[in-house]
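Enquirer: Take this structure, written in structure tokens, and hold onto it; I'll ask about it next.
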Amino acid sequence: MTFTKEQKVVVILLVLMILAIVSILSYRKEQNHQNHRHVLINEEDEVFSDPPVVKGIENEDKSEYDNKTEKIAIHIEGAVKNPGLYYLQDNSRYDDAVKIAGGLLEGADRSKVNLAKKIYDEAFIYIPLIGEVWEPGMESFSENNQEIQEGHSGEALVNINTATQEELMKLSGIGEVYAQRIIDYRTTNGAFQSIEDIKKVSGIGNITFENMKEQITK
């Protein structure tokens, strides 16, 4: 079969058109494939990427940590191996105070110590020995700063020879019972000749005297 020149031109044009169409379709298919792959990669990146950091969270966590590690100061004396000033974690128990001071001595009166109770900042802790005079109702661990504390600076000294029971009860470590004992002693034996003489009152020893000596006069 013989093609004329015009027919050959038409056939060539048809072939070129078919090739062009095939090329366009192939290109579009490849583009769609690339786009789909790009979407999948982005989705994987989102799945495996680190979660977004919210500004302020780090500071909040640090603040919470600082609160948890807040310290309190306590002073422990009496029947412990290493009496003195110590710093404990907030919300500590009396048991923690005894442990940090080396534990109780063999002669410590354990019945006067409630190791389960919480201890507070600025607490003065005194552990009595067995047989040591101990005022009923007066805890060996001071739970607040009203009975045993250093908060008397700037106040007038208490005259142990003339003070009333109420005035004596303002002294560190002196409750109602001890205040009455002081009054009874000076009534029976006369005025105190020195502030150290207050240790002659039953139940007032060196520890109690050391805590009150800056607050009294005669």
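The values are calculated or read from the model by the stated rules, or taken from the named source; none is laboratory data. Owing to the predicted nature of the structure, the values given are computational and were not obtained by experimental measurement. Here the Cβ positions follow ideal geometry from the backbone for every residue, glycine too, while neighbour counts run over all protein chains shown.
Enquirer: Restricting to segment 108-118, count the residues that are charged (D, E, K, R), farther than 12 Å from D95 by Cβ and outside any helix (DSSP H, G or I). Reasoning before the result, please.
Expert: So in segment 108-118, the residues charged (D, E, K, R) come out as 109-110, 112, 117-118.
Next, from what is left, pick out any that are farther than 12 Å from D95 by Cβ: 109, 112.
Now narrow it down to the ones that are outside any helix (DSSP H, G or I): 109.
Qualifying residue count for the region: 1.
Yes/no matrix, rows are residues, columns are (1) crowded, with 17+ Cβ neighbours inside 10 Å; (2) at pLDDT 80 or above; (3) part of a strand (DSSP E or B):
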site: A97; (1), (2), (3): yes, yes, no
site: Y120; (1), (2), (3): no, yes, no
site: G137; (1), (2), (3): no, no, no
site: I183; (1), (2), (3): no, yes, no
site: T187; (1), (2), (3): no, yes, no
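Residues are listed down the side, and each one gets a yes or a no for (1) over 29 Å from A79 (Cα atoms); (2) outside the structural domain of E132 (by TED's automatic domain parsing); (3) of a type outside the set (V, I, T):
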site	(1), (2), (3)
E176	no, yes, yes
I182	no, yes, no
T188	yes, yes, no
E196	no, yes, yes
I204	no, yes, no
E214	no, yes, yes
K218	yes, yes, yes
